[in-house]
Amino acid sequence: EDKVVQSPLSLVVHEGDTVTLNCSYEVTNFRSLLWYKQEKKAPTFLFMLTSSGIEKKSGRLSSILDKKELSSILNITATQTGDSAIYLCAGLNNAGNMLTFGGGTRLMVKP
Amino acid sequence: GAGVSQSPRYKVAKRGQDVALRCDPISGHVSLFWYQQALGQGPEFLTYFQNEAQLDKSGLPSDRFFAERPEGSVSTLKIQRTQQEDSAVYLCASSHRRSQETQYFGPGTRLLVL
C-alpha cells in the first residue's frame, strides 16, 4: 500500500524564521512528488518534482526531491504570517491517476 | 471564476439520510478526482474519472458511496444512508491531461452527519 509521511506534524515559528518541512514516500510506480498549501479551503498547488536533485523555487519557497532517499523537503525562508497553513505533500503514480497524500504539516507563523 | 467549484459548501445531514455532492471541474479538464479529507488528516483518494468513464473506484469506503460523471463534465458523489464516520470534507479536483500532472482542487464540501 502506498504511503506518504510528513514531519513535523506541526510547527510554530516567528516571522523571519526559516523552516524545513519533510516528506517521505513509498509509492508504487512513482512518477512525481507534489506539494500543496492548504489554508481554509482547497489545496493550492506549489511544486511538482519529478527529477532528483533539481531544486524548484518560487519566491521564498523552494523544494527538492531525493529519489534515492524517497524523500523531499520544502523550505520557506523569511516566513510571514501569511505562510501559516497546512502543507501537504503527495506522491503521484506513473499512470498519473492517483495522488497519495501525507497527513500534512501545520505551520503557524507568529508575528 | 475558472476554477473547480463544488456545491453545497456545507451540508448537515441526519444519520441515515442520503446526500449528493456536486463538482464542476475546470472546463476542458479530462480527469476528475474525488477525495475525502477527515479532520486533521490529508486527503484520501476515493475515485477517478477520465471523461465519463470511472476508471478507478478503489478508494470508495463502502457500497454506500457512488460517483458518476455521465457527460464527462459535472460529477456527483452520492452517499446513501449516511453515518457519522462519513463526516469529512469532500474535495474534488480536475486536471487537464489524460496522463495528468497537476490537479486543481475545488473548495470542498464540508459534510457533517449528526
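The values are calculated or read from the model by the stated rules, or taken from the named source; none is laboratory data. Keep in mind the model is a prediction, meaning the values are calculated, not measured. Counting neighbours? That spans all protein chains shown, and the Cβs are built from the backbone with ideal geometry, glycine included. Quick note on the areas: whole protein, heavy atoms, side chains included, nothing else; ligands and nucleic acids left out. Shrake-Rupley method; radii C 1.70, N 1.55, O 1.52, S 1.80 Å.
Wrap a convex hull around the Cα atoms of the stretch B:26-96, take a quarter of its surface area, and give that in square nanometres. Walk me through the numbers on the way to the answer.
On the way: hull surface 18.9 nm².
Result: a mean projected hull area of 4.7 nm².
Treat each spin label as a single point 7 Å out from the Cα along the C-beta direction, and report the B:Phe66 to B:Val30 distance in nm.
Result: 2.9 nm between the two label points.
What percent do you get for the relative contact order of the stretch B:26-96 when only Cα pairs under 8 Å and 6+ apart count?
Reported as a whole number, the value is 39 percent.
Could you report the stretch B:26-96's accessible area per residue, 1.4 Å probe, as an integer in Å²?
44 Å²
Please report the spacing between the Cα centers of the stretch A:8-61 and the stretch B:10-27 in Å, no decimals.
Centre-to-centre (Cα) distance: 30 Å.
Partner chain Cβ atoms within 10 Å, averaged over the residues of B:28-40 - can you pull that number for me?
For this peptide, the per-residue mean of nearby foreign Cβ atoms is 2.
Given Cα positions, please report Rg to Rh for the protein assembly as shown, the hydrodynamic radius being the Kirkwood one.
We get a ratio of 0.97 for the protein assembly as shown.
To the nearest 0.05, how large is the calculated FRET efficiency for B:Leu55 and B:Leu114 if R₀ is 35 Å and r is the Cβ-Cβ distance?
0.55
So what's Rg/Rh here for the stretch A:3-111, counting alpha carbon atoms and using the Kirkwood radius for Rh?
Checking Rg against Rh, the ratio lands at 0.96.
Per the Debye formula with a single identical scatterer at each Cα and no solvent contribution, what log10 I(q)/I(0) holds for the stretch A:48-111 at q = 0.23 Å⁻¹?
The Debye formula, applied to the Cα set alone, gives -1.10.
Return the FRET efficiency for the residue pair A:Glu69, A:Met108: r is the Cβ-Cβ distance, R0 is 25 Å, and the value is rounded to the nearest 0.05.
That pair, A:Glu69 with A:Met108, gives E of 0.35.
Can you work out the FRET efficiency for the pair A:Thr28 and B:Glu85, with r the C-beta to C-beta distance and R0 = 41 Å, to the nearest 0.05?
Rounded to the nearest 0.05, the efficiency is 0.90.
Keeping the other protein chains in place, figure out the carbon and sulfur percent of the accessible area of the stretch A:3-110, with a 1.4 Å probe.
50 percent
May I ask what percent, to the nearest 5, of DSSP beta bridges between residues of chain B are antiparallel?
Of all bridge pairs located within chain B, approximately 90 percent are antiparallel.
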